[in-house]
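J.: Below is one structure. I have some questions about it.
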Amino acid sequence: MTPLHLPTLTRRTLLAGMAGIAAASILPAKRGLAGALPVRDFALRAAPGRFRLLPAPNGQTPVWSFNATVPGPEIRVRQGERLRISVENGLDEETTVHWHGVRTPNAMDGVPHLTQPPIAPGETFLYEFDAVDAGTFWYHPHQRSFEQVGRGLYGPLIVEEAEPLRVDREVTWVIDDWRLGDDAAITNDFGGRHDMMHGGRVGNTVTINGRVPDSFAVRKGERIRLRLINAANARIFALDFTDHEPVVVALDGQPVTPHRPADGRVVLGPAMRVDLVLDLAGPVGSRAAVVDRFYEGLEYRLIELAYGDQPLRDGPPDWPLDLPANPLAEPDVALATRHTVTFTGGMMGQMVMEDMARGMAGGGSGGGMMGGMRSMMGMMHGKGIWFVNGVAAEGPMLDPMLTLERGRSHVLAMTNATAWPHPIHLHGHSFRVISRDGEPTTHREWQDTVLMAPRETVEIALVADNPGDWMFHCHILEHQMSGMMGVIRVA
Ligand code: C2O
Ligand code: CU
C-alpha cells in the first residue's frame, strides 16, 4: 500500500469547505395535503466534475459527485417527514441511489434490477419515502458502487429527533479514503483482482467532508454531537480521540445506551455510522490529535482538535445523553426462527476453513452452526472470490438465498470463515447484534451494518416487518462485486 499522504491545510480552507456543505442546495419544506405529513423536496444530480480534495498547489481531482460537491448535499429532515428526492443521472452509465440504513418501502430502496430499473443516462427517478427513524444515514449509488461510490458519489442523510439531543453544536464528518496519483487524480484501477481478494480498495488519502483535514476549531467546555459516517469503499477506521473521551450515543443511526467505546477506539467499518457526544475538556489554546489506529503499523493523525482562546464554559454541561428510541419492533429471540449464514473465500480462505473445520471436529460450542464447514469447502460455486452460504453472486442476483417469514422474529447466526474483516449490511431493516463468539453483547445494539472480525461468529436478531427482496452484502465494495452478496426475501 502506498503511504498515506495527508498534506497540511490552512484552517481557513478547511472551514470554507465545511461551510460549503452546510449551504448546499436544500430546498424549503412544502406542506402536504391537509393533515398529511409535510413533504420535503430535494434534487440530486449525479455527474462528473472536478473537486478540490487536496490543497493547492495540488490540482483538483476529477470526481463523480452529487450536485458538484463531495460529499453530496446534506439531506436533513425531521423524523416523520416525507422525503421526495429526484435523482437525475448526468453520468455516462446507469445509476441508482440507495438510502443506506433508512427503512424505506422496497420499491424505494434503489437496488438496480431488484427494486427498480436502473436510471439511464439523462433520466430522472423520483424516490419518495417517510423518515420513520431519526438518526444518521447516508445515500450512495447501488449500481457498480465499487466505482461510483469510489469516485465520490455519496452524501449524508440526517433525520432529526423531534427533540434533538441538547448540545452546543452538531457536526457531521463524512470520512472517505481515496487512491490518488501524483496528479491528484483518482487512479483508474477499480475492480482490481488483488483488491477483491484482499481487504478491498484501500486508498492513500483520507478526507473529511471532501477535504484532507488539518484541524477542527473547538472551544473549551463545548459539547458537540459528532455524526461520523464511513463512506470509504474498504477502509476501516478505529479513531482514538487521545486526551478526549467521546461517548457513543447512536450506532448506524439507532440510539444505544450511552457508553465509552471499547479500548477508547471508535471503530467504523465501511458504511457504518457512529454518533458521538464529545465534551471538549482540553485547555484553551491547546491541540489534540484524533488518530486512526485500525491498521497496525499504519497509524496516522486524521485531524487535530484546535482549541481557541475563549472558553465557552469551565466544565462539561450535565445535559442528558439519552436519545429517544426509534419505532423498531423488538425481536423475540426465544421464539425466533434460526438461520445460518457462512461467509467464505478470499485470500487465505481455504486455510481458515480448514482450521475452523478442525476446531469444530474437536467439539465445543456452535457445532450446529459450524457443522457444515467441511461440506462448504466442497460445494462452493460461482466464479467469484467470496461466497455466502457457498454461492458467489454473479451479475444482478435476483433469487433469494433466504426467505424470512414476514412479521416473525428471526436470528441469523453468521460465521466469518475468512481471514478478513467484513462489514455485513442488510437492507430495509435494523437488527440487534445479540452475540459475538457466543458471548451476549453488552448493548444489544441496533445496527444495519455489522463489522465481523476474521473467524468471528455473530448472531443478529430482527423482526422481518418490511416486505420485499432485500440486499444482504459485505460493504467492502470490492467484496460485494466479487460475490459477497445475496438477496433476503421477507414474505
Ligand atoms: Cu450502503 Cu447495499 O448498501
Ligand atoms: Cu467483505
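J.: Which residue out of THR172, THR124, THR187, THR207 is more than 16 Å from ligand 1 (Cβ to nearest atom) and free of Cβ contacts under 8 Å to residues at least 12 places away in the same chain?
T.: The match here is THR187.
J.: Consider GLU405 carefully, then state whether it is among the acidic types (Asp, Glu), modelled with pLDDT of 95 or more, outside the structural domain of ASP130 (by TED's automatic domain parsing) and within 16 Å of ligand 2 (Cβ to nearest atom).
T.: No; evaluated as a whole, the condition is false for this residue.
J.: Next question. Give just the number: which of (1) within 16 Å of ligand 2 (Cβ to nearest atom); (2) buried (at least 21 other Cβ atoms within 10 Å of the Cβ); (3) closer than 15 Å to PHE343 by Cβ does LEU477 not satisfy?
T.: All conditions pass for LEU477, except number (3).
J.: Does any residue of region 379-392 turn out to be in a strand (DSSP E or B) and more than 16 Å from ligand 2 (Cβ to nearest atom)?
T.: yes
J.: State whether one or more residues within region 170-181 are surrounded by 22 or more Cβ atoms within 10 Å (Cβ to Cβ) and within 26 Å of ASN106 (Cβ to Cβ).
T.: no
J.: Against the definition (part of a loop (DSSP other than H, G, I, E, B), closer than 27 Å to THR61 by Cβ, under 17 Å from the mean Cα position of the chain (by Cα) and away from ligand 2 (no atom under 16 Å from the Cβ)), how does LEU157 come out, yes or no?
T.: Here the answer is no, as LEU157 does not meet what is asked.
J.: Also: Kindly establish whether HIS410 is within 16 Å of ligand 1 (Cβ to nearest atom), outside the structural domain of GLY110 (by TED's automatic domain parsing) and modelled with pLDDT of 95 or more.
T.: Working: within 16 Å of ligand 1 (Cβ to nearest atom): no; outside the structural domain of GLY110 (by TED's automatic domain parsing): yes; modelled with pLDDT of 95 or more: yes.
Judged against the criteria, HIS410 is not a match.
J.: Based on what the data block shows, is VAL87 touching a Leu at 6+ places or on another chain (Cβ under 6 Å), under 19 Å from THR124 (Cα atoms) and modelled with pLDDT of 95 or more?
T.: Judged against the criteria, VAL87 is a match.
J.: Within region 100-111, is there a residue that is more than 14 Å from ligand 1 (Cβ to nearest atom) and part of a loop (DSSP other than H, G, I, E, B)?
T.: Scanning region 100-111, I find at least one residue that is more than 14 Å from ligand 1 (Cβ to nearest atom) and part of a loop (DSSP other than H, G, I, E, B), so the answer is yes.
J.: Considering only residues of region 448-489 that are part of a strand (DSSP E or B) and of a type in the set (D, E, K, R), which is farthest from GLY191 (Cα to Cα)? Steps first, please.
T.: Narrowing region 448-489 to residues part of a strand (DSSP E or B): 449-452, 457-463, 468-474, 485-489.
After this cut, where a residue has to be of a type in the set (D, E, K, R) as well, the list is 459, 469, 489.
Details: GLU459: 30, ASP469: 26, ARG489: 28 Å.
Per the stated criteria, the residue is GLU459.
J.: Let me ask something else about it. Can you tell me which of ASN204, ASN188 is surrounded by fewer than 22 Cβ atoms within 10 Å (Cβ to Cβ), within 23 Å of GLU304 (Cβ to Cβ), outside the structural domain of THR61 (by TED's automatic domain parsing) and not acidic (Asp, Glu)?
T.: Details: ASN188 fails: within 23 Å of GLU304 (Cβ to Cβ).
Going through ASN204, ASN188 in turn, the sole match is ASN204.
J.: Going residue by residue through region 52-69, is there one that turns out to be farther than 30 Å from GLU394 by Cβ and under 20 Å from the mean Cα position of the chain (by Cα)?
T.: Yes; the residues of region 52-69 include at least one that is farther than 30 Å from GLU394 by Cβ and under 20 Å from the mean Cα position of the chain (by Cα).
J.: Taking the criterion of being within 16 Å of ligand 1 (Cβ to nearest atom), surrounded by fewer than 22 Cβ atoms within 10 Å (Cβ to Cβ), assigned to a strand (DSSP E or B) and within 20 Å of the chain's Cα centre (by Cα), would at least one residue in region 423-439 satisfy it?
T.: Yes; the residues of region 423-439 include at least one that is within 16 Å of ligand 1 (Cβ to nearest atom), surrounded by fewer than 22 Cβ atoms within 10 Å (Cβ to Cβ), assigned to a strand (DSSP E or B) and within 20 Å of the chain's Cα centre (by Cα).
The values are calculated or read from the model by the stated rules, or taken from the named source; none is laboratory data. As the structure is a prediction and not an experimental result, all values here were calculated from the model. When we count neighbours, we look across all protein chains shown, and the Cβ atoms used for this are built from the backbone with ideal geometry, even at glycine.
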